[in-house]
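Heads up, the thing below is written out as structure tokens.
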Amino acid sequence: MTLPWPSFWQNIPESERDALSDVLTELLSAGAIIGDTGRDRERFLTTHQYQQSISEYFAPLHLELVSDPDRPIYQLLPIPGECGLLARFSKAETLLIFTLWRIQHDVRMNTITPTVIVTVKDIWNHLKIYFENIAPPSASLMETMLNKLQTRRFIRIQRADDNATFEDTQVEILPTLSRAIPFENLAAWEAQSSIYQPESSDAPPPPASETSESGNNNGAETE
């Protein structure tokens, strides 16, 4: 069934409507458009052309369309305290996100680089340091979580060749992650991450918390 085109968008040429629908679908499902190459480049250009219209379309849902000043990226972010759409992250996924945020922060504090790329082994090692009292995830769980974060456009996985191990897989930490998980500074990261670090095996589980995250439900909370 073909639904009617919105009356408030009659100014959009029919030849552009499929492309605009594709952009809206990508923003709602993935939370961001990263227009480096191919089809994603076409989506980025369409978003750029109709940025104001798209921004107004999402405004009633309290979702903001944000552009990256340095890279061809548009990201859909919830307005804190106003957007009622939340996606859920497990505790293991939350710790992984915290680890990726910290790695990205530390690299950018020490070097000027347009991209932050680490291996899965690097992520594992950092996770063990930051959360030393928590058992690290298995390889299968780590792969599942990284794939989920890639779907949400927080990272980009660069698969290793056939002769390399999973630990050698490279992971690019995208700038979308630091905007979706908006710690103001390292002190804020440390305060929040300490909630998930038990002092002993008898420590109670941490309370649920919320954090901004776009893609699918355009918000997040930990279980």
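The single condition among (1) at pLDDT 70 or above; (2) part of a strand (DSSP E or B); (3) not β-branched (Val, Ile, Thr) that residue 221 does not meet is (1).
Inspect all residues belonging to segment 62-82 and state whether any of them is in a helix (DSSP H, G or I) and either over 26 Å from residue 191 (Cα atoms) or outside the structural domain of residue 194 (by TED's automatic domain parsing) (or both). No, the conditions are met nowhere in segment 62-82.
Among the residues of segment 26-37, not a single one is of a type in the set (S, T, N, Q) and either modelled with pLDDT of 95 or more or within 21 Å of residue 11 (Cα to Cα) (or both). Among the residues that make up segment 133-147, is at least one of them β-branched (Val, Ile, Thr), in contact with a helix residue (DSSP H, G or I) (Cβ under 6 Å, 6 or more places away or on another chain) and assigned by TED's automatic domain parsing to the domain that holds residue 173? No, there is no match, as no residue in segment 133-147 is β-branched (Val, Ile, Thr), in contact with a helix residue (DSSP H, G or I) (Cβ under 6 Å, 6 or more places away or on another chain) and assigned by TED's automatic domain parsing to the domain that holds residue 173. Would a scan of segment 30-39 turn up a residue that is farther than 22 Å from residue 177 by Cβ, outside the structural domain of residue 149 (by TED's automatic domain parsing) and not aliphatic (A, V, I, L, M)? Scanning segment 30-39, I find at least one residue that is farther than 22 Å from residue 177 by Cβ, outside the structural domain of residue 149 (by TED's automatic domain parsing) and not aliphatic (A, V, I, L, M), so the answer is yes. Across segment 126-169, what is the number of residues that are farther than 16 Å from residue 32 by Cβ, in contact (Cβ under 8 Å) with a residue 40 or more places away in the chain and not in a loop (DSSP other than H, G, I, E, B)? The number of residues fulfilling the criteria is 9. Between 69, 13, the distinction of being loosely packed, with under 15 Cβ neighbours inside 10 Å and either closer than 22 Å to residue 178 by Cα or of a type in the set (A, V, I, L, M) (or both) belongs to 69 only. If you check 29, 55 for being surrounded by fewer than 14 Cβ atoms within 10 Å (Cβ to Cβ) and either touching a Gly at 6+ places or on another chain (Cβ under 9 Å) or within 22 Å of residue 18 (Cα to Cα) (or both), only one passes: 29.
Among residues of segment 30-53 that are farther than 14 Å from residue 71 by Cβ, those with a Cβ under 6 angstrom from a residue that is among the basic types (Lys, Arg), sequence gap 6+ or separate chain, pair up as 30/153; 31/152; 31/153. Among the residues of segment 105-122, just one is part of a helix (DSSP H, G or I) and crowded, with 20+ Cβ neighbours inside 10 Å, namely 120.
The values are calculated or read from the model by the stated rules, or taken from the named source; none is laboratory data. Keep in mind that this is a model prediction, so the values were computed, not measured. Positions of Cβ are generated from backbone atoms using ideal geometry, with glycine treated the same way; all protein chains shown enter the neighbour counts.
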